[in-house]
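Here the structure is laid out as structure tokens; the discussion comes afterwards.
The values are calculated or read from the model by the stated rules, or taken from the named source; none is laboratory data. Every value quoted in this text rests on a predicted model; they were computed, and no experiment measured them. No Cβ is skipped: glycine too gets one built from the backbone with ideal geometry, and neighbour counts run over all protein chains shown. The protein model used for the area step is the full one, side chains on, heavy atoms only, and it has no ligands, DNA or RNA in it. Shrake-Rupley method; radii C 1.70, N 1.55, O 1.52, S 1.80 Å.
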Amino acid sequence: MLRRSWSIQQQRSALLFLQQSRLSHAQVQLKEILDETLGGIKSAGTWKEERIIQTPQKVAVRVQNVKSPILNFCANNYLGLANNREVIEASKEALDKYGAGLSSVRFICGTQDIHKELEGKIAKFHGREDAILYISCFDANAGIFEVLLGPEDAVFSDELNHASLIDGIRLCKAKKNRYKHRDMEDLERQLKDSSSSRIKLIVTDGVFSMDGTVAPLPQIVELAERYGALTLIDECHATGFYGSTGRGTEEYHEISGKIDIINSTLGKALGGAAGGYTTGSTELIQLLRQRSRPYLFSNSPPPAITATASKVFDLLQSPNQLISRLKTGTEKFRMMMKAAGFTISGDNHPICPVMIGDAALAAQFAEKMLGRGVYVVGFSYPVVPHGKARIRVQISAAHTEEDIDYCVDAFVAIGRELKLIS
């Protein structure tokens with residue numbers, strides 16, 4: 001038993017010695033490797049701290065160790081529905097009616113009527129034949145390429161695609177091609193070189209999350225038709241709010257129905273909880289139900305989460321001002337920031353990267369913003385390329401004009417303090 005007269009530090013050191021003395025050689029070796037790796041992350045300046053939010057996800061949140069509520073400008077809560085009362089009530093009702101979870105995968109005893117209802121709503125929303133639910137869009141992206149593509153096929157992926165698309169593609173045995181970001185000449189060259197492939201699949205984010213740039217879908221579709229290829233887009237940063245009625249990048253480009261496969265999330269604009277899906281032809285969805293490993297070997301989406309998304313799709317079918325309010329707020333923020341002298345990357349999308357350049361400066365800037373009551377996060381290598389650190393601001397339909405004015409004023413004050421703008 002430790003002596004009570006010892007200091008807390010002495011007690012911790014003694015406990016640590018006892019713990020380490022019980023470790024095997026392999027465990028000690030692993031600890032040393034992990035400590036070295038973690039030290040490297042910290043010294044590189046890429047260590048990620050997780051701030052602890054003590055309130056629901058909304059425009060003003062309370063963060064641990066910060067006295068006053070702060071304005072949240074870094075969530076994917078595009079439509080402001082994460083704390084919507086109707087959505088919350090739908091979730092509570094499903095919890096009472098269907099229970100906490102299924103304790104099973106879909107094909108054994110994990111499919112409830114609300115799962116089928118939601119899949120029907122997703123397919124109808126996108127104008128497709130069918131849809132399949134996953135526990136996340138990461139799983140949807142991980143579960144399709146291995147099933148669909150074999151050694152005789154070829155896949156063509158934008159170099160800045162989301163990590164989940166990259167990981168999913170790695171699992172398949174198709175010939176893997178990576179084309180330069182939104183470079184249609186490079187894509188066409190690679191399509192020509194793969195003319196003998198059985199299935200040719202072009203894969204792209206609809207909207208690229210680090211840059212707020214939009215994929216050139218009309219040109220991609222034209223190339224796909226010319227070279228007999230199929231198309232797949234990840235619509236996580238478009239579904240529900242992008243395009244005139246929130247149908248995503250297809251609608252934004254006025255080519256609705258031209259994309260073959262759409263993967264997206266329920267965890268951003270559509271209530272902010274969790275879940276993902278693939279929507280497309282009947283035959284494709286049937287094949288995924290039979291072969292897709294993340295679907296076959298993961299528990300069903302919990303009833304409360306399923307009901308959350310289902311309610312959001314109902315709200316999107318009804319007249320509302322959320323999409324127009326989000327568009328107005330986005331345009332206001334981008335215009336005011338550019339007028340102040342900041343460089344804002346991307347297209348006219350609620351993802352508004354404020355380009356800083358230096359990684360340490362971006363982290364310092366974000367910390368100072370928190371001190372002024374605005375929650376934003378700096379992004380640096382390896383999340384973005386060296387020398388292209390930025391603060392990614394994300395606008396929500398729930399932000400008022402006053403919220404946006406306050407955020408811009410904070411950016412301007414700190415930008416001048418750090419001599420980034422005059």
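Step through the residues of segment 127-136 one at a time and calculate ³J(HN,Hα) from phi using the Karplus curve (6.51 cos²θ - 1.76 cosθ + 1.60, θ = phi - 60°), rounding each to whole Hz and writing x for Gly and Pro.
x, 10, 7, 7, 8, 9, 8, 10, 6, 7
Under a point spin-label approximation (7 Å from Cα along Cα-to-Cβ), what is the Y381-K97 distance to one decimal in nm?
For Y381 paired with K97, the spin-label model returns 5.3 nm.
Out of the DSSP beta bridges found with both residues in the chain, what percent are antiparallel (nearest 5)?
55
What does the net charge come to around F342 if you take all other residues with beta carbon closer than 12 Å to its beta carbon, with K and R at +1 and D and E at -1?
With Lys, Arg at +1 and Asp, Glu at -1, the neighbours total +4.
Quick one: dipole size for the chain, taken about the Cα centre, charges +1 on Lys/Arg Cβ and -1 on Asp/Glu Cβ, in debye to the nearest 20.
Charge dipole of the chain: 1360 debye, to the nearest 20.
In whole Å, how far is the Cα centre of segment 276-339 from that of segment 230-246?
Measuring centre to centre over Cα atoms gives 9 Å.
Once both labels are modelled 7 Å past Cα along the beta-carbon direction, what's the E129-L296 spacing in nm?
Going by the 7 Å Cα→Cβ label model, 2.2 nm.
Extension gain L287-V28, at 0.36 nm per residue separation less the Cα-Cα distance, in nm?
88.6 nm
Can you give the helix-only mean residue ellipticity at 222 nm for the chain, where every DSSP H stretch with n ≥ 4 adds -39500 (n - 2.57) and the sum goes over all residues, rounded to the nearest 500 deg cm²/dmol?
After summing the helix terms and dividing by the residues of the chain, the value is -13500 deg cm²/dmol.
Is the shape of the chain rounded, prolate or oblate, going by the alpha carbon gyration tensor and its root eigenvalues a ≥ b ≥ c, with a/c under 1.5 for rounded and a/b larger than b/c for prolate?
The shape class here is rounded.
Taking GluC sites (Glu not before Pro) as candidate sites, keep only those in a DSSP loop with at most 15 other Cβ atoms within 10 Å, then name the longest stretch of the chain containing none of them.
In short, 255-422.
With a ≥ b ≥ c taken as the square roots of the eigenvalues of the C-alpha gyration tensor of segment 64-189, please select rounded if a/c is under 1.5 and otherwise prolate if a/b is larger than b/c or oblate if it is not?
Here segment 64-189 falls in the oblate category.
Which lysines, on any chain, are close to K116 with Cα under 29 Å apart, when same-chain ones fewer than 8 places away are left out?
Answer for K116, where 29 Å is the Cα cut-off: K92, K97, K124, K258, K268, K311, listed by chain and number.
How much length, in nm to one decimal, is gained on full extension between Q54 and E401, taken as 0.36 nm per residue of separation minus their Cα-Cα distance?
Length difference between fully extended and current span is 122.4 nm.
Under a straight-distance cross-link criterion of Cα-Cα below 13 Å, which aspartates and glutamates are reachable from K175, leaving out those fewer than 8 residues away in the same chain?
E146, E152, D153, D193
Percent of accessible area on segment 85-317 owned by carbon and sulfur, 1.4 Å probe?
That share works out to 49 percent.
Take A340 and E159, extend 7 Å from each Cα along the Cα→Cβ direction, and tell me the distance between the two endpoints in nm.
3.2
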